[in-house]
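Asker: One structure follows; several queries about it will come next.
The values are calculated or read from the model by the stated rules, or taken from the named source; none is laboratory data. This is a predicted model, so every value here is computed, not measured. Here the Cβ is made from the backbone with ideal geometry for all residues, glycine too, and neighbour counts use every protein chain on show. Each accessible area value is taken on the protein alone, full model and side chains, heavy atoms only, with ligands, DNA and RNA left out. Shrake-Rupley method; radii C 1.70, N 1.55, O 1.52, S 1.80 Å.
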Amino acid sequence: MASSSSCNYDVFLSFRGVDTRASFTCHLYDSLFERKKIRTFIDDEELRQGDAISPVLLNAIQGSKISLIIFSKDYASSKWCLNELVKILECKNTNGQIVIPVFYNVSPSDVRHQTGIFGDGFDKLEQQFKEKPEIVQKWRYALRETSHLAGHESTKFRHDAQLVNKIVEDILKKLEKITVSTDSSNGLVGLNSRIEQIKPFLCMDLSDTVQIVGIWGMGGIGKTTLATAIFNQFSSEFEGRCFMSDVRRNSETGGGLEHLQKQMLSTILSEKLEVAGPNIPQFTKERVRRMKVLIVLDDVNKVGQLEGLIGGLDQYGPGSRIVVTTRDKGVLEKFGVEEEKIYGVNGLEFDEAFELFCNFAFEENHCPEDLNWHSRRVVWYATSNPLVLKVLGSSLCLKRKSHWENVLDDLNRICESEIHDIYDILKISFNELIPREKSMFLDIACFFEGEDKDILMRILDDSESYALGVLIDKSLITISHNCLQMHDLLQEMGRQIVRQESQKEPGKRSRLWDPKEIRRVLKHNK
């Protein structure tokens, strides 16, 4: 299948408007997009003009992970629907797009052979195109091929609501499999083995109890990546689900834990909670208590965060699972997480670490012979930490051998020191930046992490915008949903660099971000 990063939509809906737009398709779209937040393309009648597929529809089909075809009684009477179908099958055969047929009040056999009420419309259209038999033949082939695919028949369900729920469940499972498959092929070396190791901790076969599992390890070791993979793989098995990222940072900003708890419950219930004040209505809690939920709390550093967000395990329905990632094992122990339910994330095995490093240093899973020894030394210094391997690999990509030797000298000097930490190793990549790039890195670390990229671009001169691409290439920042993202270890390294400009007098630093320090500097004219 085409890379998910190149897809604009999760689902493309192909349907006959006069048959189902205001009824079945409308309810299906609402469940997919409004309730489950699945990016779904539904066309506008104005896009259907002339014989050819409009560019908008064409791009939507090509840019979707799944095409859902709703065969209804008049589907085959529409040349636009049939042309869409031909294009969808083309995407299936060339890009591996997933195609799911829905037989709505028509049988697969009627679609396959163009018979019954479904065939009546096709017969009329065939007469219109009797001078173009090659087009009709394409349509027949597309209908025949699609009718053989695994799908859903409305006659096997008691009512439309049941059918909609089944389709949504099917699509969620397929999308999550795509995500897991894509993650596994995107340089996340060693992920699958870790998922297999943590599965017994989750006890997914126990449906009558609520389980809480801790994922514990040092910064940059891959806790968030593992928790994300678990969420993607298992979330379709739960009635409600929520992934709360960066709890440590988010609990200290905005509305604090109260805001995060409302956000969590809103996500679980798939609705916005209109609650004034700190108290959650008892009925809302009762609803959650009746649900089987999956909750992931990422980067927790205080037991109070768990108490404020999770409360007691009895507040969730049987079969619920809660996963917590943290650098501090004591937080899990104080909250009562059993020792056998805490998964310690270790560094990668050397061969895995070497492969991950090569993915970023050489953009393939092996290295040139003349840099083999150098690469193995870098991996050894990185202590198999995925973040360090990624940053060092990106900084060495396409560099001359002499540059590699200089970096190894720096690593050797740092690691021979009795007092050094991961920041010292990560700082090697920062030191290689030119002044404009360093300035942008520090600006993002101090002010713009998590902000919309366009905000930063409006502030920059055109001559400075290239620096953003450099930081991305060096794996110092990433862009997700147009937001600037920086690993918290890299952010803290950047802020340490600024603090070291003047340890005792914040007013002499180039940047201030702590509200208390800003207030103190302004109040005393520092």
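Asker: Checking the conditions here, which among ARG520, ARG511, ARG495 is free of Cβ contacts under 8 Å to residues at least 40 places away in the same chain and either surrounded by 12 or more Cβ atoms within 10 Å (Cβ to Cβ) or under 24 Å from ASP299 (Cα atoms) (or both)?
Answerer: Among ARG520, ARG511, ARG495, only ARG520 is free of Cβ contacts under 8 Å to residues at least 40 places away in the same chain and either surrounded by 12 or more Cβ atoms within 10 Å (Cβ to Cβ) or under 24 Å from ASP299 (Cα atoms) (or both).
Asker: Please go through the range 272-316 and give me each residue that is buried (at least 17 other Cβ atoms within 10 Å of the Cβ) and part of a loop (DSSP other than H, G, I, E, B), ordered by number.
Answerer: MET291, LYS292, ASP298, ASP299, VAL300, LYS302, ILE310, TYR316
Asker: Out of all the residues in the range 127-144, which are more than 45 Å from the chain's Cα centre (by Cα) and among the charged types (D, E, K, R)?
Answerer: Result: LYS130, GLU131, LYS132.
Asker: Name the residues in the range 437-452 that are buried (at least 16 other Cβ atoms within 10 Å of the Cβ) and charged (D, E, K, R), would you?
Answerer: Result: GLU437, LYS438, ASP443, GLU449.
Asker: May I ask you to verify whether ILE425 is assigned to a helix (DSSP H, G or I), β-branched (Val, Ile, Thr), under 23 Å from GLY190 (Cβ atoms) and open to solvent by 10 Å² or more (accessible area, probe 1.4 Å)?
Answerer: yes
Asker: Take LYS508 and decide whether it is basic (Lys, Arg) and either modelled with pLDDT under 90 or over 26 Å from LYS523 (Cβ atoms) (or both).
Answerer: Here the answer is no, as LYS508 does not meet what is asked.
Asker: Can you tell me which residue in the range 366-402 is farthest from LEU426 (Cα to Cα), limited to those that are of a type outside the set (A, V, I, L, M) and in contact (Cβ under 8 Å) with a residue 40 or more places away in the chain?
Answerer: Only one residue fits best here, namely CYS397.
Asker: Looking for something outside any helix (DSSP H, G or I), surrounded by 13 or more Cβ atoms within 10 Å (Cβ to Cβ), small (Gly, Ala, Ser) and not assigned by the TED database to the domain that holds GLY217 - is there at least one such residue anywhere in the range 390-397?
Answerer: Checked the range 390-397: no residue is outside any helix (DSSP H, G or I), surrounded by 13 or more Cβ atoms within 10 Å (Cβ to Cβ), small (Gly, Ala, Ser) and not assigned by the TED database to the domain that holds GLY217.
Asker: Give me the pairs: first residue in the range 234-246 and within 23 Å of GLY450 (Cα to Cα), second residue open to solvent by less than 20 Å² (accessible area, probe 1.4 Å) and among the β-branched types (Val, Ile, Thr), beta-carbon distance under 6 Å, and six or more apart or on different chains, which are they?
Answerer: Close Cβ pairs (under 6 Å, with a partner that is open to solvent by less than 20 Å² (accessible area, probe 1.4 Å) and among the β-branched types (Val, Ile, Thr)) amount to CYS242/ILE268; CYS242/ILE295; PHE243/VAL296.
Asker: Let me ask something additional. Could you pull out every one of the helices (runs of 4 or more DSSP H) wholly within the range 85-184 that has 3 or more residues that are touching a strand residue (DSSP E or B) at 6+ places or on another chain (Cβ under 8 Å)?
Answerer: 160-184
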